[in-house]
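The values are calculated or read from the model by the stated rules, or taken from the named source; none is laboratory data. For clarity, every value in this text was computed on a predicted model and none was experimentally measured. Note that each Cβ is placed from the backbone with ideal geometry, even for glycine, and that neighbours are counted across all protein chains shown. The area values use the complete protein model at the heavy-atom level, side chains included, leaving out ligands, DNA and RNA. Shrake-Rupley method; radii C 1.70, N 1.55, O 1.52, S 1.80 Å.
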Number of protein chains: 2
Amino acid sequence: MRMKRNPIGVISMSYARPFGPEHFFLFPRMRASGMDFCELLVPEPDEFDPEAARTVANAAGLFLLFAVRVNASRDLSSPDPAVHAAAIAYLCAAVDVASAAGARIVGGPLYGSPLVFAGRAPMPIGEPERAARIARVTEGLRVAGAYAAERGVTLAIEPLNRFETDFCNLAAQAAELARAVASAAVGVMLDTFHMNMEEDDLPAAIRAVGSALVHFQANENHRGFLGTGHIDWAAIARALAAIGYAGPITLEPFRRRDRRLSAPLAQWRPPEVDEDADLAASAAFLRGVLHAAAVA
Amino acid sequence: MRMKRNPIGVISMSYARPFGPEHFFLFPRMRASGMDFCELLVPEPDEFDPEAARTVANAAGLFLLFAVRVNASRDLSSPDPAVHAAAIAYLCAAVDVASAAGARIVGGPLYGSPLVFAGRAPMPIGEPERAARIARVTEGLRVAGAYAAERGVTLAIEPLNRFETDFCNLAAQAAELARAVASAAVGVMLDTFHMNMEEDDLPAAIRAVGSALVHFQANENHRGFLGTGHIDWAAIARALAAIGYAGPITLEPFRRRDRRLSAPLAQWRPPEVDEDADLAASAAFLRGVLHAAAVA
């Protein structure tokens, strides 16, 4: 289907994790909440069939995008040749999934090097190892990028915050990596949740990435629904308009408003109430500021 | 020495880690950069003598505060009785250090439950364990609070972001814990770096803590020098003025402006350039907004 300017979607984690065929009934609900697409986590082999997901999602009026899941056993930055090879194989398999699902984008921390969610503490590394990691990641992304290019899929490198990875934390670093890979099928994606922790100036960081931006995730500082935190959405929308960004924008409001002491906040949990109206309001809010930025 | 309204200080980590007697020459430099106090990490037994630190710091015109370091072997939230007891012993020893150094405040994640820096991933916990953790922490803080009260020291409970702990992430949760402990020697401290990731509205969170606030850390969203990020300092200062907060404010600009790809950002590293002028500017900036808020 033809993509309209800045289609807005939602990550599957807002509803369920893992996401399986038993959750396909949610696609019409996403559409009813104003979504244009669903961003799915790349399924593990036993989770769902991408063609089946495409059929149900398209019938509901949604297209699909995919987000990678990296871990210590598939880590492009790893010095272990088997782990590095497994990461390349995973990215290529993710491209195959996207292709089967009619998805044009596979994004996320493609470079690997997970920290807190892999139970790994940040540790100093020497300059030779820093350079070697960059070389391993760049070479792996060239292989995966060539594979993606042949299939009409774009890989999107996402910087994460300092606690989730020690490889790529800034928009400028993701752009540097994309330039080093030098593939038309490898670009940059940005998530305001991570940017809020790392960037000096979020709109300036978006403007500096410019035409390399291929995907965007609009999240509040705490991952709640838009407008419940302090991200300056009008300024973000003006920056996206300034670089002519017409690509997709995903909402990932998967923080639950759980204010109980001693309840792990970073640990994913299912929604406890129907959040459809909150999601619809976030999309309306975002469409409103995008419209205002376009006419400003 | 008599404390003036909102004394401004700096964390020792901005200069060195570990901090030892060989770093005491830095106290006059801190003073020359406009600092009123130094916040030191509670020394491990072999690091430095707190009375010696006091002598040198006081001679330079600084007073001292202390920040705790928790880890998996001293964790007040732990179900392991030995680890829980070690955490209480550590907090009491930290009070002794503070007392010897003439310090009135010992703050930080007193409750334990470290995540990323302990190499621990967030995991779901059941309701019985959640309640049991709260009970263990509350009971431990009552013991340490009684010990602190007898020595004129105040313990300050600091919420950390979701990746650094899974026990206390919000100002309201720290206030709830302080109320449960119900000791005049146990209060709340807040750090805008963590608040930036977790709170809906930073000034509102400060106002809600109100008179329970006993310590404050003023940090940019990315831990750079004040004014290099997006924290709304005027609004923060007005909230502090509104609750009549006259206590200390620590600067912790220990993020280095290292923009190299693949360089671990969460991993502490020493400064590479003389940052005295940047620190002095942060203090001047903060005194300016505090003054404006007081007269507003």
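Data for the structure
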| item | result |
| --- | --- |
| Calculated SAXS-style log₁₀ I(q)/I(0) at q = 0.10, 0.15, 0.18 Å⁻¹ - segment A:1-93, Debye, Cα scatterers | -0.31, -0.63, -0.81 |
| Isotropic mean projected area of the C-alpha convex hull, chain B (nm²) | 14.8 |
| Per-copy distances of the A:E51 label point, shortest first, in nm (7 angstrom along Cα→Cβ) | 8.1 |
| Sequence of A:I157, A:I243 from largest to smallest accessible area, 1.4 Å probe | A:I243, A:I157 |
| Positions from segment B:159-175 whose accessible area shrinks by 50 Å² or more when the full protein complex is built, not the chain alone, probe 1.4 Å | B:R162, B:F163, B:L170, B:Q173 |
| Average accessible area per residue (Å²) across chain B - probe 1.4 Å, nucleic acids and ligands excluded | 36 |
| Residues in segment A:213-246 occluded by at least 30 Å² - accessible area, probe radius 1.4 Å, against chain by itself | A:N221, A:H222, A:H230 |
| For segment A:171-281, the Rg and Dmax computed from alpha carbons only, in angstrom | 15.6, 47 |
| Share of carbon and sulfur in the accessible heavy-atom surface of chain A [1.4 Å probe, %] | 57 |
| Gyration tensor (alpha-carbon) shape descriptor, segment B:47-141, a/c threshold 1.5 | prolate |
| Mean shadow area of segment B:65-204, taken as a quarter of the surface of its Cα convex hull (nm²) | 8.1 |
| Long-range Cα-Cα pairs in segment B:169-217 (distance over 18 Å), rounded percent | 20 |
| Exam field: A:N71 pseudo-label spacings to other copies (7 Å along Cα-Cβ), nanometres | 2.8 |
| Protein heavy-atom accessible area occluded, B/A pair - total, 1.4 Å probe, Å² | 4600 |
| Extent along principal axes [Cα atoms of the protein assembly as shown; Å; largest to smallest] | 72, 51, 47 |
| Cβ-derived FRET efficiency at R0 51 Å, A:A132 paired with A:A59, nearest 0.05 | 0.60 |
| Sequence of A:T138, B:T154 when ordered by accessible area, the most exposed leading, probe 1.4 angstrom | B:T154, A:T138 |
| Label point 7 Å beyond Cα along the C-beta direction, distances from B:R269 to other copies (nm, shortest first) | 3.7 |
